[in-house]
Amino acid sequence: MVKKKRIKVYSSNGKKTLLLSQDEINTIKENDNFEKIYESELSKGKKAYEIRNYYSQAFWKDLLYVLIGAFLSTIAMDYFISITGAAGLFPGGLGAIARFFSIIGASKINFSASTFYFIIYFIMNLPLAVFGFKKLGWKFSTLTVIYSVVTIFFDLILQNVPYISPNDLSLLIDYNLISTMPGAWGAIVWIFVFAIFGGIVNGFSYSIIYKANASTGGSDWITYYYSKKLNKDIGSINIKINIAILFIVICLNTVILNVEHIDQTIKLSVLYNEYDNLNDLMNSSFGKTIDQMVNGDQTTGYFKNLWELLQHNKNWTEEWFNVSKYIASSNDFDSAYTSSMVLAMKFKWIIGPSLFASLILIIIQGITVNRLYPKNKIMNLFISTTKIPEIQQYLFSVGYTNNIFIWRTVTSKKNAWSDQEQDLILISMPMIYYKKIEEHIMKIDEEMIINIIGSKKVKGSNFSFAFDTELRDKALSEEFLNNARLMKKIESNAIIKTYKKMKKNSEYVQNGV
């Protein structure tokens, strides 16, 4: 009897081994469970290959972008946004909600409001991250989560290093100091200045992170999802959502805002217009409270003189303005305001400097992102080359889905550096994608000539502003399926797992080791 040749079947990690004949292997492959197990192993292998391919090529560059972007975001929040205090700037979207809760938390515990912000923002992003991993892919989601985590660490470093912490180092000006100084416009002007610089720094940060195919989290999760699903830019919708959330948050923040944080110009406006004459003032609860404070020596001598001049009622308009201005500029009188005054102040505050400065922050941030990350800026590429099929194949492999126009004879010409004829192709794509593929395209044909022309506008629903990730995945899958060594490992894993299942179910396999 001829002894059947046995074949060693190794698992992918080399730990499990079977010694089977070819007939036994065929029996295992014919089992009903083999196909399911093989498909499962193939899916796992493809995912592992994609991850390995990404980490060996692009991950470290993307990670560097995310780290730089996270650091800039931390600077914007620590030195330009949080520093403006409870009545200051708010970012858009979920960031506004996180800032609102950070203000509440910082008032209860002696802790940095910006650190609270980053921690709360991270917690708010956790359920969205689960959504992201399911719907948007592991690369985008992983980098976005990394961004949220490292901003916390960057903030802790900046907050605790002497001389450079936001409390010690003031960029532009010491906002906390100037906001407490008497003067009609000081703090209001500077909150808009901080909004401009904060928007620029945040815009730089966001554009760098977007170049890494990641995001800053928050509403970006939903925006990115629908942008992919609808195959169009919905940035305008995102801006509207961010502004709506910002308005709601500022309304909520105004409700809990202490009177001492309301700007003195708003206090002055409400107070000065509250009373028309001395009798109305002195008969009101507010006037009686101020009079008691003056008679009880709870005010300065300067204010006592102003109050006495007002009692003479010689020039009501001027003297009442001077008294109102002094009261509005000092927090010592905050307890004297009536509830109706406080309500009027808070109503004016809702549509006051905090809201409009925050809108300026969002607008400047958006303009900066559009300049540095022109997602929808289209370029027309006229490429003279002898390798049109190779270029076509590469473009489709990276997800290019728009038309490719080819002139093979009419525009055929002789290259100035050789007698070789070149054909001409025309493609249109967003500028950000061309920068990613430029180096590889030039390597396909070193003698090609590329003429780049900007496109003012593209109309038509069939034009794609993004590369199709499915085509990229398909190209990667083909590369994976053509790798004989990996396919052999997957088949071996499937054989071993099917064999174990058959053995467990007492199904017949002649021999196994």
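The values are calculated or read from the model by the stated rules, or taken from the named source; none is laboratory data. Just so it is clear, the structure is predicted and the values come from calculations on it, not from any experiment. All Cβ positions, even for glycine, are placed from backbone atoms using ideal geometry, and neighbour counts span all protein chains on display.
Just one of the listed residues (Gly198, Gly186, Gly217) is out of contact with any Gly (no Cβ under 8 Å at 6 or more places or on another chain), modelled with pLDDT of 85 or more and more than 17 Å from Asp78 (Cβ to Cβ), namely Gly217. When the test is whether a residue is touching a helix residue (DSSP H, G or I) at 6+ places or on another chain (Cβ under 7 Å), modelled with pLDDT under 80, surrounded by 14 or more Cβ atoms within 10 Å (Cβ to Cβ) and closer than 26 Å to Ile437 by Cα, Glu50 passes it.
Residues in the stretch 94-123 that are more than 19 Å from Ile256 (Cβ to Cβ) and in contact with a Leu (Cβ under 8 Å, 6 or more places away or on another chain): Thr115, Tyr121. The residues of the stretch 84-122 that are of a type in the set (A, V, I, L, M) and in contact (Cβ under 8 Å) with a residue 24 or more places away in the chain, listed by number, are Ala86, Ala87, Leu89, Leu94, Ala96, Ile97, Ala98, Ile103, Ile104, Ala113, Ile119. Out of all the residues in the stretch 220-236, is one or more of a type outside the set (D, E, K, R), at pLDDT 75 or above, within 20 Å of Ile364 (Cβ to Cβ) and surrounded by fewer than 21 Cβ atoms within 10 Å (Cβ to Cβ)? Yes; the residues of the stretch 220-236 include at least one that is of a type outside the set (D, E, K, R), at pLDDT 75 or above, within 20 Å of Ile364 (Cβ to Cβ) and surrounded by fewer than 21 Cβ atoms within 10 Å (Cβ to Cβ).
Looking only at residues of the stretch 341-369 that are of a type outside the set (A, V, I, L, M, F, W, C) and over 17 Å from Gly93 (Cβ atoms), we find that the one that is surrounded by the fewest Cβ atoms within 10 Å (Cβ to Cβ) is Lys348. When the residues of the stretch 308-317 are filtered to those that are farther than 21 Å from Ile266 by Cα and assigned to a helix (DSSP H, G or I), the one that is farthest from the chain's Cα centre (by Cα) is His312.
Residues in the stretch 314-322 include at least one that is over 30 Å from Lys456 (Cα atoms), surrounded by 14 or more Cβ atoms within 10 Å (Cβ to Cβ) and free of Cβ contacts under 8 Å to residues at least 24 places away in the same chain. Scanning the stretch 429-463 for residues being part of a loop (DSSP other than H, G, I, E, B), at pLDDT below 75 and loosely packed, with under 11 Cβ neighbours inside 10 Å gives a total of 6. Taking the criterion of being assigned to a helix (DSSP H, G or I) and out of contact with any Leu (no Cβ under 9 Å at 6 or more places or on another chain), the residues of the stretch 127-140 that qualify are Pro127, Ala129, Val130, Phe131, Gly132, Phe133, Lys134, Lys135, Trp138, Lys139, Phe140. For the stretch 113-121, the count of residues that are more than 21 Å from Ser207 (Cβ to Cβ), buried (at least 16 other Cβ atoms within 10 Å of the Cβ) and aromatic (Phe, Trp, Tyr) is at least one.
Looking at (1) closer than 30 Å to Ala58 by Cβ; (2) part of a helix (DSSP H, G or I); (3) at pLDDT 85 or above, which is the only condition Tyr302 fails? The single condition Tyr302 does not satisfy is (1).
Based on this model, can you work out whether Trp320 counts as over 21 Å from Leu257 (Cα atoms) and part of a helix (DSSP H, G or I)? So Trp320 fits the description; yes.
Applying the condition of being without any contact (Cβ under 8 Å) to a residue 24 or more places away in the chain and surrounded by 12 or more Cβ atoms within 10 Å (Cβ to Cβ) to the stretch 284-302 and asking which residue is nearest to Ser329 (Cα to Cα) yields Thr300. Only one entry in Asp276, Asp297, Asp291 is under 14 Å from Val323 (Cβ atoms) and either assigned to a helix (DSSP H, G or I) or charged (D, E, K, R) (or both), namely Asp291.
Taking Phe154, is it at pLDDT 90 or above, within 25 Å of Ile196 (Cβ to Cβ) and surrounded by fewer than 21 Cβ atoms within 10 Å (Cβ to Cβ)? For Phe154, the condition - at pLDDT 90 or above, within 25 Å of Ile196 (Cβ to Cβ) and surrounded by fewer than 21 Cβ atoms within 10 Å (Cβ to Cβ) - is met.
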